[in-house]
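One structure is given here, and the rest of the page talks about it.
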Amino acid sequence: MSFDVLIVGGAAVGSAAAYFLCASPDFQGRVCVLEQDPSYARSATALSVASIRHQFSTPENIRLSQFGSEFIRHIDQHLAVDGEVPALQFNERGYLFMATPPGLEVLRSNHSTQRELGADVCWLEPQELAQRYPWLRTDDLAAATWGCTGEGWLDAYALLQGFRRRALALGATYRQARVTQLLRQGNRVKGVQLADGEELAAGLVINAAGIGATALARSAGIELPIESRKRSVFFVTSNAQLPNCPMVIDPSGAYFRPEGEGFICGIAPPPHEDPACEEFEVQHRLFDESLWPLLAQRVPGFEALRVKRSWAGHYDMNTLDHNAILGPHPHVDGILFANGFSGHGLQHSPGVGRALAEWVIWGESRSINLRALGFERVLAQRPLREVNVV
Ligand SMILES: Cc1cc2nc3c(=O)[nH]c(=O)nc-3n(C[C@H](O)[C@H](O)[C@H](O)COP(=O)(O)OP(=O)(O)OC[C@H]3O[C@@H](n4cnc5c(N)ncnc54)[C@H](O)[C@@H]3O)c2cc1C
(Lines give C-alpha, C1' and ligand atoms only; values in the text may rest on other atoms or scores of the structure.)
Protein backbone atom coordinates (compact mmCIF):
# COMPACT_ATOMS: atom_id res chain seq x y z
CA MET A 1 0.00 0.00 0.00
CA SER A 2 1.34 3.48 -0.68
CA PHE A 3 0.58 7.01 0.50
CA ASP A 4 1.84 10.43 -0.49
CA VAL A 5 2.53 11.31 3.13
CA LEU A 6 2.92 8.97 6.10
CA ILE A 7 2.95 10.59 9.52
CA VAL A 8 4.45 8.54 12.36
CA GLY A 9 2.83 9.66 15.63
CA GLY A 10 -0.71 11.00 15.73
CA ALA A 11 -0.72 13.18 18.85
CA ALA A 12 -0.75 17.01 18.76
CA VAL A 13 2.05 17.52 16.24
CA GLY A 14 1.28 14.60 13.90
CA SER A 15 -2.43 15.34 13.87
CA ALA A 16 -1.82 19.07 13.35
CA ALA A 17 0.29 18.21 10.30
CA ALA A 18 -2.44 15.89 8.98
CA TYR A 19 -5.04 18.62 9.47
CA PHE A 20 -3.07 21.41 7.78
CA LEU A 21 -2.17 19.16 4.84
CA CYS A 22 -5.72 17.95 4.26
CA ALA A 23 -7.12 21.47 4.72
CA SER A 24 -4.82 22.99 2.12
CA PRO A 25 -6.31 23.58 -1.35
CA ASP A 26 -2.76 23.15 -2.71
CA PHE A 27 -2.48 19.55 -1.56
CA GLN A 28 -4.37 16.70 -3.20
CA GLY A 29 -2.40 13.70 -1.90
CA ARG A 30 -3.25 10.81 0.42
CA VAL A 31 -2.25 11.18 4.06
CA CYS A 32 -2.00 8.33 6.56
CA VAL A 33 -1.25 8.80 10.27
CA LEU A 34 0.31 5.79 12.02
CA GLU A 35 -0.28 5.85 15.77
CA GLN A 36 0.71 2.98 18.06
CA ASP A 37 -1.68 3.96 20.87
CA PRO A 38 -4.90 5.78 19.98
CA SER A 39 -5.63 6.24 23.70
CA TYR A 40 -2.61 8.61 23.76
CA ALA A 41 -2.28 7.68 27.45
CA ARG A 42 1.52 8.01 27.46
CA SER A 43 1.91 10.77 24.90
CA ALA A 44 3.45 14.04 26.07
CA THR A 45 0.40 15.79 24.64
CA ALA A 46 -2.02 14.08 27.01
CA LEU A 47 0.31 14.44 30.01
CA SER A 48 1.29 18.05 29.43
CA VAL A 49 0.55 21.12 31.52
CA ALA A 50 -1.09 22.52 28.40
CA SER A 51 0.04 26.11 28.63
CA ILE A 52 1.02 28.66 26.02
CA ARG A 53 3.31 31.66 26.30
CA HIS A 54 4.90 34.21 24.03
CA GLN A 55 7.74 34.68 26.50
CA PHE A 56 10.56 32.87 24.76
CA SER A 57 14.04 34.09 23.94
CA THR A 58 14.17 33.06 20.27
CA PRO A 59 12.08 34.81 17.57
CA GLU A 60 11.06 31.48 16.01
CA ASN A 61 9.52 30.24 19.27
CA ILE A 62 7.76 33.56 19.86
CA ARG A 63 6.27 33.56 16.36
CA LEU A 64 5.16 29.93 16.63
CA SER A 65 3.39 30.73 19.91
CA GLN A 66 1.78 33.88 18.50
CA PHE A 67 0.29 31.81 15.70
CA GLY A 68 -0.69 29.16 18.27
CA SER A 69 -2.76 31.56 20.34
CA GLU A 70 -4.45 33.09 17.28
CA PHE A 71 -5.34 29.59 16.09
CA ILE A 72 -6.68 28.60 19.51
CA ARG A 73 -8.73 31.79 19.84
CA HIS A 74 -10.41 31.10 16.50
CA ILE A 75 -10.70 27.36 16.89
CA ASP A 76 -14.31 27.45 15.66
CA GLN A 77 -13.08 28.60 12.25
CA HIS A 78 -10.53 25.79 11.97
CA LEU A 79 -11.54 22.60 13.73
CA ALA A 80 -15.34 22.49 13.88
CA VAL A 81 -16.80 19.22 12.58
CA ASP A 82 -20.54 19.09 11.87
CA GLY A 83 -20.95 22.31 13.85
CA GLU A 84 -19.19 20.85 16.90
CA VAL A 85 -16.30 23.00 18.13
CA PRO A 86 -13.55 21.47 20.33
CA ALA A 87 -13.97 22.77 23.89
CA LEU A 88 -10.45 24.07 24.42
CA GLN A 89 -11.34 26.25 27.42
CA PHE A 90 -8.57 28.70 26.65
CA ASN A 91 -7.86 30.50 29.91
CA GLU A 92 -5.99 33.64 28.81
CA ARG A 93 -4.43 34.66 32.13
CA GLY A 94 -0.79 35.05 31.14
CA TYR A 95 2.58 33.83 32.35
CA LEU A 96 4.47 35.71 35.04
CA PHE A 97 8.26 35.38 34.67
CA MET A 98 10.07 36.77 37.71
CA ALA A 99 13.74 37.66 38.11
CA THR A 100 16.03 38.27 41.10
CA PRO A 101 18.86 40.78 40.49
CA PRO A 102 21.23 38.25 38.80
CA GLY A 103 18.50 37.35 36.28
CA LEU A 104 17.49 40.91 35.48
CA GLU A 105 19.54 41.37 32.31
CA VAL A 106 18.26 38.13 30.76
CA LEU A 107 14.67 39.11 31.59
CA ARG A 108 15.25 42.53 30.02
CA SER A 109 16.82 41.11 26.88
CA ASN A 110 14.03 38.51 26.44
CA HIS A 111 11.39 41.18 27.01
CA SER A 112 12.92 43.43 24.40
CA THR A 113 12.96 40.58 21.81
CA GLN A 114 9.35 39.74 22.65
CA ARG A 115 8.19 43.39 22.35
CA GLU A 116 10.02 43.82 19.02
CA LEU A 117 7.96 40.93 17.67
CA GLY A 118 4.72 42.46 18.91
CA ALA A 119 4.18 40.18 21.90
CA ASP A 120 1.81 41.76 24.42
CA VAL A 121 4.13 41.34 27.40
CA CYS A 122 4.38 44.04 30.05
CA TRP A 123 7.19 44.90 32.43
CA LEU A 124 6.38 44.97 36.16
CA GLU A 125 8.56 46.64 38.79
CA PRO A 126 8.50 45.03 42.26
CA GLN A 127 6.02 47.54 43.70
CA GLU A 128 3.62 46.99 40.78
CA LEU A 129 4.00 43.25 41.28
CA ALA A 130 3.19 43.53 44.98
CA GLN A 131 0.13 45.62 44.20
CA ARG A 132 -1.14 43.32 41.51
CA TYR A 133 -0.44 40.09 43.40
CA PRO A 134 -0.63 40.82 47.15
CA TRP A 135 -0.34 37.07 47.86
CA LEU A 136 3.15 36.91 46.30
CA ARG A 137 6.44 37.44 48.16
CA THR A 138 8.32 40.04 46.12
CA ASP A 139 11.05 41.39 48.42
CA ASP A 140 13.86 39.43 46.68
CA LEU A 141 12.67 40.26 43.13
CA ALA A 142 14.14 42.81 40.73
CA ALA A 143 11.31 42.75 38.16
CA ALA A 144 8.87 40.50 36.31
CA THR A 145 7.19 40.25 32.94
CA TRP A 146 3.58 39.29 32.41
CA GLY A 147 1.84 38.29 29.20
CA CYS A 148 -1.27 40.48 29.12
CA THR A 149 -2.90 38.65 26.19
CA GLY A 150 -2.29 35.52 24.15
CA GLU A 151 -0.86 33.46 27.01
CA GLY A 152 -2.57 30.99 29.31
CA TRP A 153 -3.68 27.38 29.35
CA LEU A 154 -6.14 25.10 27.63
CA ASP A 155 -7.31 21.52 27.33
CA ALA A 156 -4.49 19.75 25.47
CA TYR A 157 -6.44 16.58 24.88
CA ALA A 158 -9.30 18.54 23.33
CA LEU A 159 -6.86 20.23 20.95
CA LEU A 160 -5.34 16.89 19.95
CA GLN A 161 -8.77 15.32 19.38
CA GLY A 162 -9.87 18.45 17.51
CA PHE A 163 -6.97 18.14 15.05
CA ARG A 164 -7.58 14.43 14.68
CA ARG A 165 -11.34 14.66 14.11
CA ARG A 166 -10.98 17.46 11.59
CA ALA A 167 -8.15 15.70 9.74
CA LEU A 168 -10.32 12.57 9.53
CA ALA A 169 -13.27 14.62 8.27
CA LEU A 170 -11.01 16.12 5.58
CA GLY A 171 -9.94 12.68 4.34
CA ALA A 172 -6.87 11.65 6.36
CA THR A 173 -6.54 7.96 7.25
CA TYR A 174 -5.62 6.97 10.81
CA ARG A 175 -4.27 3.54 11.48
CA GLN A 176 -3.24 1.92 14.74
CA ALA A 177 0.25 0.58 14.11
CA ARG A 178 3.74 0.75 15.55
CA VAL A 179 6.44 1.72 13.09
CA THR A 180 9.60 -0.29 13.73
CA GLN A 181 11.74 1.00 10.91
CA LEU A 182 12.13 3.68 8.31
CA LEU A 183 12.88 2.11 4.93
CA ARG A 184 15.85 3.89 3.39
CA GLN A 185 17.39 3.37 -0.03
CA GLY A 186 20.57 5.34 -0.59
CA ASN A 187 19.89 8.90 0.45
CA ARG A 188 16.09 8.57 0.36
CA VAL A 189 13.48 7.34 2.84
CA LYS A 190 10.93 5.36 0.83
CA GLY A 191 8.46 4.27 3.49
CA VAL A 192 8.13 2.44 6.78
CA GLN A 193 7.97 -1.07 8.19
CA LEU A 194 5.34 -1.89 10.81
CA ALA A 195 5.68 -4.19 13.83
CA ASP A 196 3.82 -6.99 11.98
CA GLY A 197 6.32 -6.80 9.12
CA GLU A 198 4.07 -4.98 6.65
CA GLU A 199 5.78 -2.34 4.55
CA LEU A 200 4.13 0.91 3.49
CA ALA A 201 5.60 3.06 0.73
CA ALA A 202 5.40 6.83 0.88
CA GLY A 203 6.49 9.89 -1.05
CA LEU A 204 7.34 11.51 2.27
CA VAL A 205 7.48 10.38 5.90
CA ILE A 206 7.00 12.83 8.78
CA ASN A 207 8.64 11.88 12.08
CA ALA A 208 6.22 13.15 14.74
CA ALA A 209 6.90 10.34 17.18
CA GLY A 210 7.70 12.37 20.32
CA ILE A 211 10.17 10.43 22.46
CA GLY A 212 9.97 7.63 19.87
CA ALA A 213 11.61 9.93 17.30
CA THR A 214 15.21 9.07 18.16
CA ALA A 215 14.82 5.31 17.64
CA LEU A 216 12.84 5.91 14.48
CA ALA A 217 15.50 8.19 12.98
CA ARG A 218 18.26 5.78 14.05
CA SER A 219 16.58 2.99 12.07
CA ALA A 220 17.47 5.03 8.97
CA GLY A 221 20.98 5.81 10.18
CA ILE A 222 20.12 9.34 11.34
CA GLU A 223 21.14 10.46 14.84
CA LEU A 224 18.94 12.91 16.75
CA PRO A 225 20.31 14.59 19.90
CA ILE A 226 17.01 13.91 21.66
CA GLU A 227 16.53 12.12 24.98
CA SER A 228 13.45 11.29 26.99
CA ARG A 229 13.44 13.26 30.28
CA LYS A 230 10.82 12.67 32.94
CA ARG A 231 8.81 15.59 34.35
CA SER A 232 6.44 15.14 37.32
CA VAL A 233 3.32 17.25 37.74
CA PHE A 234 1.37 17.71 40.99
CA PHE A 235 -2.23 18.82 41.41
CA VAL A 236 -2.57 20.41 44.85
CA THR A 237 -5.30 22.10 46.84
CA SER A 238 -4.82 24.93 49.30
CA ASN A 239 -6.93 27.33 51.33
CA ALA A 240 -4.86 30.21 49.95
CA GLN A 241 -6.83 32.71 47.85
CA LEU A 242 -4.79 33.87 44.85
CA PRO A 243 -6.95 36.27 42.82
CA ASN A 244 -5.72 36.98 39.24
CA CYS A 245 -3.26 34.11 39.49
CA PRO A 246 -1.43 33.58 36.18
CA MET A 247 1.04 30.79 35.34
CA VAL A 248 3.82 31.79 37.73
CA ILE A 249 7.44 30.95 36.88
CA ASP A 250 9.64 31.37 39.94
CA PRO A 251 13.31 32.34 39.42
CA SER A 252 14.16 28.86 40.83
CA GLY A 253 12.35 27.21 37.91
CA ALA A 254 9.38 26.07 40.04
CA TYR A 255 6.03 26.85 38.43
CA PHE A 256 2.37 26.84 39.42
CA ARG A 257 -0.95 27.86 37.93
CA PRO A 258 -4.63 27.52 38.82
CA GLU A 259 -6.46 24.38 37.72
CA GLY A 260 -10.08 23.81 38.66
CA GLU A 261 -10.41 23.99 42.46
CA GLY A 262 -6.65 23.86 43.01
CA PHE A 263 -3.29 24.38 41.35
CA ILE A 264 -0.94 22.50 39.06
CA CYS A 265 2.76 22.76 39.90
CA GLY A 266 6.13 21.28 39.04
CA ILE A 267 9.87 21.77 38.74
CA ALA A 268 12.60 20.12 36.69
CA PRO A 269 14.86 17.81 38.68
CA PRO A 270 18.47 18.97 39.12
CA PRO A 271 20.65 17.96 36.12
CA HIS A 272 22.46 15.18 38.05
CA GLU A 273 19.06 13.59 38.81
CA ASP A 274 17.67 13.94 35.31
CA PRO A 275 18.85 10.91 33.30
CA ALA A 276 17.31 9.73 30.05
CA CYS A 277 14.45 7.48 31.16
CA GLU A 278 11.18 6.12 29.91
CA GLU A 279 9.37 5.03 33.08
CA PHE A 280 6.50 7.00 34.61
CA GLU A 281 7.09 6.87 38.37
CA VAL A 282 6.25 10.24 39.96
CA GLN A 283 9.17 11.95 41.73
CA HIS A 284 7.46 12.57 45.10
CA ARG A 285 10.78 13.35 46.79
CA LEU A 286 11.18 16.26 44.37
CA PHE A 287 7.89 17.69 45.64
CA ASP A 288 8.68 17.26 49.34
CA GLU A 289 12.30 18.36 49.29
CA SER A 290 12.40 20.98 46.58
CA LEU A 291 9.11 22.11 45.05
CA TRP A 292 6.95 22.61 48.14
CA PRO A 293 9.57 24.64 50.06
CA LEU A 294 10.06 26.87 47.02
CA LEU A 295 6.32 27.39 46.57
CA ALA A 296 5.84 28.17 50.27
CA GLN A 297 8.67 30.66 50.10
CA ARG A 298 7.08 32.47 47.17
CA VAL A 299 3.45 32.28 48.36
CA PRO A 300 3.14 32.13 52.16
CA GLY A 301 -0.38 30.72 51.73
CA PHE A 302 1.18 27.60 50.18
CA GLU A 303 2.70 26.53 53.48
CA ALA A 304 -0.40 24.33 53.76
CA LEU A 305 -0.86 22.28 50.59
CA ARG A 306 -2.36 18.91 49.85
CA VAL A 307 -1.29 16.79 46.86
CA LYS A 308 -4.47 15.34 45.39
CA ARG A 309 -3.12 13.86 42.18
CA SER A 310 0.18 13.54 40.39
CA TRP A 311 1.54 12.14 37.16
CA ALA A 312 4.72 12.01 35.11
CA GLY A 313 5.31 12.47 31.41
CA HIS A 314 8.36 12.89 29.21
CA TYR A 315 9.91 15.83 27.43
CA ASP A 316 11.57 14.95 24.13
CA MET A 317 14.59 16.95 25.22
CA ASN A 318 16.96 18.27 22.58
CA THR A 319 20.26 18.04 24.45
CA LEU A 320 21.96 20.34 21.93
CA ASP A 321 19.89 23.46 22.60
CA HIS A 322 16.42 22.71 24.04
CA ASN A 323 14.73 23.65 20.80
CA ALA A 324 12.75 21.69 18.25
CA ILE A 325 14.37 20.21 15.16
CA LEU A 326 12.08 21.02 12.27
CA GLY A 327 11.91 20.27 8.56
CA PRO A 328 13.99 18.28 6.09
CA HIS A 329 17.38 16.63 6.48
CA PRO A 330 20.10 18.21 4.33
CA HIS A 331 21.43 14.84 3.08
CA VAL A 332 18.47 12.43 3.28
CA ASP A 333 15.35 13.04 1.17
CA GLY A 334 11.83 11.81 1.78
CA ILE A 335 11.67 12.68 5.48
CA LEU A 336 10.62 15.67 7.59
CA PHE A 337 11.34 16.06 11.30
CA ALA A 338 9.24 17.68 14.03
CA ASN A 339 11.00 16.53 17.18
CA GLY A 340 12.85 17.65 20.29
CA PHE A 341 10.27 20.17 21.54
CA SER A 342 11.85 20.11 25.02
CA GLY A 343 8.62 20.96 26.83
CA HIS A 344 7.00 23.51 24.53
CA GLY A 345 5.55 21.47 21.70
CA LEU A 346 1.88 21.63 22.53
CA GLN A 347 1.61 25.38 22.07
CA HIS A 348 3.67 25.11 18.89
CA SER A 349 1.63 22.30 17.38
CA PRO A 350 -0.56 24.61 15.24
CA GLY A 351 2.46 26.54 13.88
CA VAL A 352 4.53 23.41 13.37
CA GLY A 353 1.63 21.55 11.74
CA ARG A 354 1.21 24.43 9.28
CA ALA A 355 4.96 24.56 8.63
CA LEU A 356 5.11 20.81 7.95
CA ALA A 357 2.28 21.13 5.44
CA GLU A 358 4.17 23.98 3.74
CA TRP A 359 7.35 21.88 3.56
CA VAL A 360 5.37 19.06 1.94
CA ILE A 361 3.63 21.33 -0.54
CA TRP A 362 6.26 23.96 -1.36
CA GLY A 363 9.48 22.57 0.02
CA GLU A 364 9.80 25.49 2.44
CA SER A 365 8.17 26.88 5.55
CA ARG A 366 6.68 30.09 4.17
CA SER A 367 4.49 31.58 6.89
CA ILE A 368 7.24 31.62 9.52
CA ASN A 369 10.90 31.36 8.57
CA LEU A 370 12.02 28.34 10.60
CA ARG A 371 15.41 27.78 8.97
CA ALA A 372 17.17 28.46 12.26
CA LEU A 373 15.41 25.42 13.75
CA GLY A 374 16.50 23.15 10.90
CA PHE A 375 18.66 20.02 10.94
CA GLU A 376 21.72 21.86 9.63
CA ARG A 377 22.47 23.29 13.07
CA VAL A 378 22.50 19.78 14.54
CA LEU A 379 25.03 18.53 11.98
CA ALA A 380 27.13 21.65 12.48
CA GLN A 381 26.75 21.38 16.30
CA ARG A 382 25.67 25.03 16.26
CA PRO A 383 23.07 25.39 19.06
CA LEU A 384 20.21 27.89 18.85
CA ARG A 385 19.78 28.03 22.58
CA GLU A 386 16.34 28.69 24.11
CA VAL A 387 16.95 30.42 27.44
CA ASN A 388 13.37 30.24 28.67
CA VAL A 389 12.82 26.51 29.19
CA VAL A 390 10.32 25.65 31.93
C1 LIG B 1 4.78 17.11 32.08
C2 LIG B 1 4.77 17.85 30.78
C3 LIG B 1 4.32 19.16 30.75
C4 LIG B 1 4.31 19.87 29.52
N5 LIG B 1 3.78 21.12 29.51
C6 LIG B 1 3.70 21.78 28.33
C7 LIG B 1 3.11 23.07 28.26
O8 LIG B 1 2.65 23.60 29.26
N9 LIG B 1 3.05 23.68 27.06
C10 LIG B 1 3.56 23.12 25.93
O11 LIG B 1 3.50 23.72 24.87
N12 LIG B 1 4.11 21.89 25.96
C13 LIG B 1 4.20 21.22 27.12
N14 LIG B 1 4.77 19.99 27.17
C15 LIG B 1 5.37 19.44 25.94
C16 LIG B 1 4.32 18.95 25.00
O17 LIG B 1 3.42 18.11 25.69
C18 LIG B 1 4.98 18.20 23.85
O19 LIG B 1 6.05 18.96 23.33
C20 LIG B 1 4.00 17.95 22.72
O21 LIG B 1 2.81 17.40 23.23
C22 LIG B 1 4.64 17.06 21.71
O23 LIG B 1 3.64 16.52 20.85
P24 LIG B 1 4.03 15.37 19.86
O25 LIG B 1 2.85 15.08 19.07
O26 LIG B 1 5.31 15.75 19.17
O27 LIG B 1 4.49 14.16 20.80
P28 LIG B 1 3.63 13.18 21.72
O29 LIG B 1 2.47 13.86 22.31
O30 LIG B 1 4.57 12.51 22.65
O31 LIG B 1 3.10 12.13 20.68
C32 LIG B 1 3.92 11.22 20.01
C33 LIG B 1 3.03 10.10 19.52
O34 LIG B 1 3.79 9.25 18.70
C35 LIG B 1 3.40 7.93 18.96
N36 LIG B 1 4.53 7.07 18.55
C37 LIG B 1 5.80 7.11 19.04
N38 LIG B 1 6.57 6.22 18.42
C39 LIG B 1 5.78 5.59 17.50
C40 LIG B 1 6.03 4.56 16.56
N41 LIG B 1 7.24 4.01 16.41
N42 LIG B 1 4.99 4.15 15.78
C43 LIG B 1 3.75 4.72 15.92
N44 LIG B 1 3.47 5.69 16.81
C45 LIG B 1 4.48 6.13 17.59
C46 LIG B 1 3.14 7.89 20.44
O47 LIG B 1 2.26 6.83 20.80
C48 LIG B 1 2.50 9.26 20.67
O49 LIG B 1 1.09 9.23 20.62
C50 LIG B 1 4.78 19.24 28.34
C51 LIG B 1 5.23 17.92 28.38
C52 LIG B 1 5.21 17.22 29.57
C53 LIG B 1 5.68 15.80 29.59
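So how strong a dipole does the chain carry about its Cα centre when Lys and Arg Cβ are +1 and Asp and Glu Cβ are -1, to the nearest 20 debye?
Result for the chain is approximately 340 debye, rounded to the nearest 20.
I need the P(r) histogram for the stretch 301-390: all alpha carbon pairs, bin width 5 Å from 0 out to the longest distance, whole percents.
The distribution over the stretch 301-390 is 3, 12, 21, 21, 16, 9, 5, 4, 4, 3, 1, 0, given as percents.
Using a probe radius of 1.4 Å on heavy atoms only, what accessible surface per residue do you get for the chain? Whole Å² is fine.
42
If the only charges are +1 at each Lys and Arg Cβ and -1 at each Asp and Glu Cβ, what is the size of the charge dipole of the stretch 156-293 around the Cα centre, to the nearest 20 debye?
Dipole size: approximately 840 debye.
Quick check: at a probe of 1.4 Å, how many percent of the accessible area of the chain sits on carbon and sulfur atoms?
48
With +1 on each Lys and Arg Cβ and -1 on each Asp and Glu Cβ, and nothing else charged, work out how big the dipole of the stretch 52-146 is about its Cα centre, in Debye to the nearest 20.
Taking the Cα centre of the stretch 52-146 as origin, the dipole is about 200 debye.
How much accessible surface area, in Å² rounded to 10, belongs to the heavy atoms of Val307 with a 1.4 Å probe?
60
Rank these residues by their accessible area, most exposed first, probe 1.4 Å: Lys190, Lys308.
Largest accessible area first, the list is Lys308, Lys190.
Tell me which DSSP H helices of the chain clear both cut-offs, 15 Å or more of axial length from alpha-carbon atoms and a mean Kyte-Doolittle hydropathy of at least -1.0.
12-23, 59-73, 156-169, 345-362
With the Cα gyration tensor of the stretch 135-232 in hand, convert its eigenvalues to equivalent ellipsoid semi-axes via √(5λ) and list them largest first in whole Å.
Largest first, the stretch 135-232 gives 39, 21, 12 Å.
The values are calculated or read from the model by the stated rules, or taken from the named source; none is laboratory data. No experiment lies behind these values; they were computed from the predicted model shown. Every residue, glycine as well, gets a Cβ built from its backbone with ideal geometry; the counts of neighbours run over all protein chains shown. For accessibility, only protein heavy atoms count, side chains too; no ligands or nucleic acids. Shrake-Rupley method; radii C 1.70, N 1.55, O 1.52, S 1.80 Å.
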